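Working notes for the structure below.
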Amino acid sequence: MSTSPQQEAPPQPGAQGHPQRWLILGVICLAQLTVLLDNTVLNVAIPSLTGELGASTSDIQWMINAYSLVQSGLLLTAGSAADRYGRKKMLLTGLALFGVGSLVAGFADSTAQLIAARAGMGVGGALLLTTTLAVAMQIFTPEEHPKAIGIWSAVNALGFACGPLLGGFMLDHFWWGAIFLINLPVAALGLFAVVALVPESKNPQGDRPDLLGALLSTIGMASLVFAIISGPEHGWTSGRVQATAAVALVVLALFAYWESRIPYPMLDLHFFRNHRFTGAVAGAVLITFGMGGALFLLTQHLQFVLGYEPLEAGLRTAPLALTVVALNFSGVAAKWMTRLGTPMSVLLGLVLMSAGLVAIALLTGQGYAGTLLGLLLIGAGCAIANPAMAHAIMSAIPPAKAGVGAGINGTLAEFGNGLGVAVLGAVLNSRFAALIPVAASSLPAALASADGAAEKERIVDAFSAGLESSQLVGAAAVLLGGIVAATLLRRAERADSTA
């Protein structure tokens, strides 16, 4: 049976936190932003890679997926390693691996080299995503945690939205390798700043390494994310997807069993008995489900239905991220969280997100104004709910396990985003196929085979109807998630007050 770890005393001089904590937060957020940009920056370079490296469709898929698969599979393991061996050490290791991987990717002359480099960047990215949040929890006082996590969350949203914009700008002025080489000065600056500024912190209990747990969690999570990524393309009933999903379920079940039997587990399953933790977990999955799925669908609408170029479409989705950044960097979201409390903050945030999805579903056909309203509502909802849920997850876990907490938070984000794209994409495709039985497998294929302008218009209308249905499904799921998460978090608060 697992045992609860000792609580760690953060390396804070005095009651005011680390004297250079805001400067340190800026440094780790810069490293975080670089990692997040690389989640989406490669998408706009696909035409260049196809022409210059002779990349096939499967090569392109592996270039994109190698990064996210390795990163998502290693998040828990990376967080556990940071707790055991030192968060500063793992932050430096992550920056070094990410920088070396970026250098190799920038000068890769074959698809195999680029795929390998992206996988190496994924290892560095996993270490950075977990240690940045864990370090922030150590250097700030509990009273400052909401604002610090809000800024950290804003950087997440900024990276998610700005990847395609930055990639498009770089490709307009340089060759495709430049999108990776811009990481090098950031990694170098980060290494210097971390050595000079960031204090070391780790679990003083020195848990024995859970090597089997690390292996099982890595295989299980990578298999699960791969199944979700592959489902829309190969079909959910295909042997490839079902076999991968089966491997994921079996391995993750073994992981849970193993973690419940050893004295020093990487992931203490007792966390899931905490209503604050489970409520935040439910909300975290649903917020990334709604945000990831909505942007995936909206990008298709802007490009396929309204005819915008990729860079133009990216600019028109930017208000979502800018809203998150403005509300979090100004401290407005943190003030609302303090005033409302965590349960109401999560509920309000997810209600706003749900309303935004409804606005996009019902008003997008009337012009960009309806889309803009939806994006602003989703951005406001993310700004309020996301830091509240990250804070709930981290505060429900002992400080000695801050790295594991950050790993859980990152894993949930990866899982929710992939699930949102898969599920809402499936709703779109089924609705589209029902309205246009001969629509082949995609809107471009259906338009290519259309006979005349009238049929093309009917196909576009059917695709728009599919988008509307999928956005409404996403809105309902997000609203339900907000109610469930807020209820569990409220129960946790009541239990704490009566204890």
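The values are calculated or read from the model by the stated rules, or taken from the named source; none is laboratory data. None of these values were measured; they are calculated from a predicted model. All Cβ positions, glycine included, derive from the backbone under ideal geometry; neighbour counts span all protein chains shown. Areas reflect the complete protein model, heavy atoms only, side chains present, ligands, DNA and RNA absent. Shrake-Rupley method; radii C 1.70, N 1.55, O 1.52, S 1.80 Å.
Numerical summary
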| item | result |
| --- | --- |
| The range 106-241, accessible area per residue, ligands and nucleic acids excluded (1.4 Å, Å²) | 38 Å² |
| Carbon/sulfur fraction of accessible area - the chain, other protein chains in place, 1.4 Å, % | 67 percent |
| In Å, descending, principal axis extents of the Cα set of the range 107-172 | 50, 26, 13 |
| Positive minus negative residues near S68 (Lys, Arg vs Asp, Glu; Cβ under 13 Å) | -1 |
| Per residue, in Å², the accessible surface of the range 259-377 once ligands and nucleic acids are set aside, probe 1.4 Å | 40 Å² |
| Listed residue (L197, M170, V155) projecting farthest to the positive dipole end of the range 61-198, Cβ model | L197 |
| Viscosity 0.890 mPa s, 25 °C: Kirkwood-radius Stokes-Einstein D of the range 90-131 over Cα pairs, µm²/s | 247 µm²/s |
| Cα-based helix-to-principal-axis angle, 111-139 vs the chain, degrees rounded to 10 | 50 degrees |
| Top positive-direction residue, dipole computed over the chain with Cβ charges, set A446, S230, A434 | S230 |
| Solvent exposure, largest accessible area first (probe 1.4 Å, DNA, RNA and ligands not counted), of Y264, Y257, Y85 | Y257, Y85, Y264 |
| Cβ-placed point charges (K, R +1; D, E -1), dipole of the chain about Cα centre in debye, nearest 20 | 1260 debye |
| In degrees, nearest ten, helix 87-106 long axis to first principal axis of the chain (Cα) | 30 degrees |
| Alpha-carbon Debye profile of the range 187-336, log10 I(q)/I(0) at 0.10, 0.12, 0.15 Å⁻¹ | -0.67, -0.95, -1.22 |
| Cα gyration tensor shape for the range 308-401, rounded if a/c is under 1.5, else prolate or oblate | prolate |
| Cα gyration tensor shape of the range 110-258, rounded if a/c is under 1.5, else prolate or oblate by comparing a/b with b/c | oblate |
| Accessible area, probe 1.4 Å, largest first, for residues F415, F107, F289 | F107, F415, F289 |
| Set of aspartates and glutamates near K456 by C-alpha distance (under 19 Å), chain-local residues within fewer than 8 positions excluded | E468 |
| Accessible area (Å², 1.4 Å probe, nearest 10) - I483 | 80 Å² |
| Size of charge dipole - the range 217-310 - debye, nearest 20, with Cβ of Lys, Arg +1 and Asp, Glu -1, no other charges | 280 debye |
| Mean separation of Cα contacts under 8 Å (6+ apart) over length of the chain, as relative contact order % | 23 percent |
| Nearest-ten-degree value, helix 368-395 long axis tilted from longest Cα axis of the chain | 20 degrees |
| 27 Å Cα-Cα reach of K88 towards lysines, excluding residues that sit fewer than 8 places from it in its own chain | K147, K202, K401 |
| Selection from Y67, L347, V27, by position along the positive dipole direction of the chain (Cβ) | L347 |
